[in-house]
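For reference, the structure is listed below as structure tokens.
The values are calculated or read from the model by the stated rules, or taken from the named source; none is laboratory data. For clarity, every value in this text was computed on a predicted model and none was experimentally measured. So basically every Cβ, Gly included, is an ideal-geometry build from the backbone, and we count neighbours across all protein chains shown.
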Amino acid sequence: MANLTQAQQIIDVLRRLQAIDDEIRDVREGRDAMTGNLERLHRVLEMRDGQLAEMRDKLSEAESWFTKKSGELETEKEKLTKAKAKLSGVTRSKEYVAVNREMDNIRKNLANREDEVKRLTGAIDEFRATIVREDEKVARMRQVADEEAQGNEAALGEMNATISGAEDRRGEVATQLSSGIVRRYAKIFKARDGVAVTGLTDGVCTGCNMVLQPRFVEQILRGSSIIQCPHCSRYLFDGSSHDADGNAIAGS
Ligand SMILES: [Zn+2]
């Protein structure tokens, strides 16, 4: 192993920064997936609540209609009672025929109103039952959402603690680099899918899979300069070798 150059030290710090950022991203993704599920559930619940409110409005409209139709039915019944009383006092046959005709009309109206009220009663009962069932379904969904929220609470707390711990470590590591390099790192990180530091294996940048010129490869292997991939700008380290502590680099 060659002596550690300053360039190599900087690359090692950059790699630590990348490792911490990888960790932060992983935990954030897990946290977002968790909260995303619950947010979806809450959106569905909100929609179902809205539908239920609409159903209740329709039910109360139907109930008003029912009251109106029931009133009309009562009116027809009263008319029939009056007509019957009138009939008992009729003496002339012409008038008798007229009152009988009137009673026939009233009976026809009465039958129609009775049909209507009966149909409405059936429809309203059915609709009420539907609302009760829907209400129960929504209540169960709300319970599931509440339980999930409760269950997530501890895990979310842990994830947030992990993230803030990693951010603290990141801050410390970043102080070992010049602000110019930190800014460049951040720029590449943003532009290159969260990977600003990557290994060089068999002369190929593992970030963009492009082959590097031998002079770059040689500089990276020697650790003599800080090399960025000419194609994707990522910082490159020797991915086939050992790290600064002499440990084999896993997975590079
Ligand atoms: Zn590259």
Failed item, numbered, when A85 is tested on (1) surrounded by 11 or more Cβ atoms within 10 Å (Cβ to Cβ); (2) farther than 30 Å from R15 by Cβ: (1)
Criterion: in a helix (DSSP H, G or I) and either closer than 30 Å to R128 by Cα or not assigned by TED's automatic domain parsing to the domain that holds R128 (or both) - qualifying residue of N100, N112: N112
Checking Y185 against (1) within 11 Å of the ligand (Cβ to nearest atom); (2) in contact with a Leu (Cβ under 9 Å, 6 or more places away or on another chain); (3) not in a loop (DSSP other than H, G, I, E, B), the condition it does not meet: (1)
Pair list, Cβ < 6 Å and 6+ apart or interchain, from the range 108-121 residues that are within 16 Å of E63 (Cα to Cα) to residues that are surrounded by 14 or more Cβ atoms within 10 Å (Cβ to Cβ) and among the hydrophobic types (A, V, I, L, M, F, W, C): R113/L73; V117/L73; L120/F66
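Any idea which residue in the range 210-229 is nearest to the ligand (Cβ to nearest atom), counting only those that are part of a loop (DSSP other than H, G, I, E, B) and surrounded by 14 or more Cβ atoms within 10 Å (Cβ to Cβ)?
C229
So how many residues does the range 192-206 have that are free of Cβ contacts under 8 Å to residues at least 40 places away in the same chain and touching a Leu at 6+ places or on another chain (Cβ under 8 Å)?
Number satisfying all stated conditions: 3.
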The lone exception for A244 - which of (1) modelled with pLDDT under 95; (2) assigned to a helix (DSSP H, G or I); (3) more than 16 Å from the ligand (Cβ to nearest atom) it fails: (2)
Some residue of the range 49-56 being of a type outside the set (S, T, Y), closer than 30 Å to R31 by Cα and part of a helix (DSSP H, G or I): yes
From the options R119, R142, residue that is surrounded by 15 or more Cβ atoms within 10 Å (Cβ to Cβ) and not aromatic (F, W, Y): R142
Filtered residues of the range 88-108 (kept if polar (S, T, N, Q) and exposed (fewer than 12 other Cβ atoms within 10 Å of the Cβ)): S88, T91, S93
Filtered residues of the range 119-146 (kept if more than 15 Å from R40 (Cα to Cα) and under 21 Å from the mean Cα position of the chain (by Cα)): K137, A139, R140
Tally of residues being out of contact with any strand residue (DSSP E or B) (no Cβ under 7 Å at 6 or more places or on another chain), within 12 Å of the ligand (Cβ to nearest atom) and more than 12 Å from Q18 (Cβ to Cβ) across the range 194-209: 3
Hey, A7 buried (at least 16 other Cβ atoms within 10 Å of the Cβ), assigned to a helix (DSSP H, G or I) and at pLDDT below 95 or not: yes
Residues of the range 125-154 classified as of a type in the set (V, I, T) and touching a Leu at 6+ places or on another chain (Cβ under 7 Å), total: 2
